[in-house]
Amino acid sequence: MTQTQARVDTVIFGGGIAGLWLLNRLVAEGRNAVLFEQDALGSSQTIASQGMIHGGIKYALGGALTGESEAIAAMPGHWARCLEGKGDVDISACNVLSHHFYLWSTRSITSKLTSFFASKMLRGRVNSVKAADRPPAFDSPQFRGSLYRLADLVLDVPSLLDTLAAPHRDRIFRIDWQTAALLRKDRRIIALRFADGLMLEADHFVFAAGAGNEALLNAVNLEQPAMQRRPLQQVLVKHDFPSPLYAHCMGNNPSPRLTISSHRCNDGRHCWYLGGDLATEGVNMDSGELIERAQKELAELFPWINFGTTQWATLKVDRAEPRQTQLVKPDKAYAERPKDCDNLLVCWPTKLTLTPDMANQASTLLGSTPPNGATGAIPEALERLPRPPIATPCWETLF
């Protein structure tokens, strides 16, 4: 077998939001970077996201700003600049589903107070909604709760993936780990080896593959950083109610009782994608049991809405993150060098909103750009590799 050698500055593994955002960022900085994905771009955790870019409102609901809400507070502004084409990554072609979403409470006193304190803590970004300005889902005299409008974004995740991939499709490749392998020697990854004899070398390697980081770390015999999975089981309801809704319902817990995002399906019907406590508390339920609970929730929260013909499905999702004590939720994005490998970065954004923060950390750790100050050519030997498609959203595959 003839061995061919090729070289780039940075190799990224993982074609979800983390890897694609970082690819755009590094190429803009002048790095000759390429990305490898084993499935479809955004498959698994990214495509399962509800697309809400929030500034920490969900994490201030317990009555005090936490480290997490402070770290996340600047993110909506960062994303807004990128949507205008003025940020570190240009996503101006991305479809924005909504420039706000809602926070509402039921009639319970605890729920109302929770929403009230959240609105006071984040004044200027959260405003009470008058009856005349309610969205269609709450436009009923039967609604007796409190309703707030949050100045945060909701993005169309498939569009976001396509927007990030489009400028650099020539740098994105599909990899088959049955025939490819990472080679490590002492404190460095020395190459990515392919079955045809191609050896791709790089100054830097980045693991940004979400749950796939665990297998990648095992492949180069690294035990740290350890990963945790926090599972969800989301519910999807396809229906005939024509108006979209993006909202968090607050109950008696600091976390949302129910989170709703809306998606128009290819057949013209609408799907509400349901998360929040419903998804976390229902993770171990069988699908039928969780759907029954979701049906009761919607009947209790929206008794005035006629959803027409409905179809129901559930989706299990693993949120992959750096391991925390007692498996709690991380309070910030993660990008670090393992102590035993000098040219590797391991990254988890921990949530969609914090992806730019993760990229900032990774860029700082990678240091100055190559001396030539210009993005180099993509090795010709990579051109024969297949290209991954964009993942199909669950509301198109589960019904």
*Among the strands (runs of 3 or more DSSP E) confined wholly to the stretch 213-284, which include 2 or more residues that are within 30 Å of GLN38 (Cα to Cα) and without any contact (Cβ under 8 Å) to a residue 60 or more places away in the chain?*
270-275
_For the stretch 123-140, give me the residue count where each residue is among the small types (Gly, Ala, Ser) and in a strand (DSSP E or B)._
1
*asked:* Suppose we keep only residues that are within 17 Å of PRO379 (Cβ to Cβ) and not hydrophobic (A, V, I, L, M, F, W, C) within the stretch 1-19. Which one would you say is surrounded by the most Cβ atoms within 10 Å (Cβ to Cβ)?
replied: THR10
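For (1) more than 21 Å from GLN50 (Cα to Cα); (2) in the same structural domain as PHE205 (by TED's automatic domain parsing); (3) surrounded by 15 or more Cβ atoms within 10 Å (Cβ to Cβ); (4) within 25 Å of the chain's Cα centre (by Cα), each residue gets a yes or a no:
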{"residue": "LYS296", "(1), (2), (3), (4)": "yes, no, no, no"}
{"residue": "PHE302", "(1), (2), (3), (4)": "no, no, yes, no"}
{"residue": "PRO330", "(1), (2), (3), (4)": "no, yes, yes, yes"}
{"residue": "ALA333", "(1), (2), (3), (4)": "no, yes, yes, yes"}
*May I ask you to say which residue of ASP318, ASP331 is modelled with pLDDT under 95, of a type in the set (Asp, Glu) and under 30 Å from VAL237 (Cβ atoms)?*
ASP318
*What number goes with the only condition from (1) part of a helix (DSSP H, G or I); (2) farther than 15 Å from LEU22 by Cα; (3) of a type outside the set (Gly, Ala, Ser) that PHE143 does not pass?*
(1)
*So LEU22 fits all but one of (1) surrounded by fewer than 24 Cβ atoms within 10 Å (Cβ to Cβ); (2) over 19 Å from ALA180 (Cβ atoms); what number is the exception?*
(1)
*Hey, could you check the stretch 166-192 for residues that are loosely packed, with under 14 Cβ neighbours inside 10 Å and part of a loop (DSSP other than H, G, I, E, B) and say which is farthest from the chain's Cα centre (by Cα)?*
ASP186
*asked:* Looking at the stretch 355-384 only, could you name the residues that are in a loop (DSSP other than H, G, I, E, B) and out of contact with any Asp or Glu (no Cβ under 9 Å at 6 or more places or on another chain)?
replied: GLY367, SER368, PRO371, ASN372, GLY373, ALA374, ALA377, PRO379
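The values are calculated or read from the model by the stated rules, or taken from the named source; none is laboratory data. These numbers come from a predicted model, not from an experiment. Note: ideal-geometry Cβ built from the backbone for every residue, glycine included; neighbour counts use all protein chains shown.
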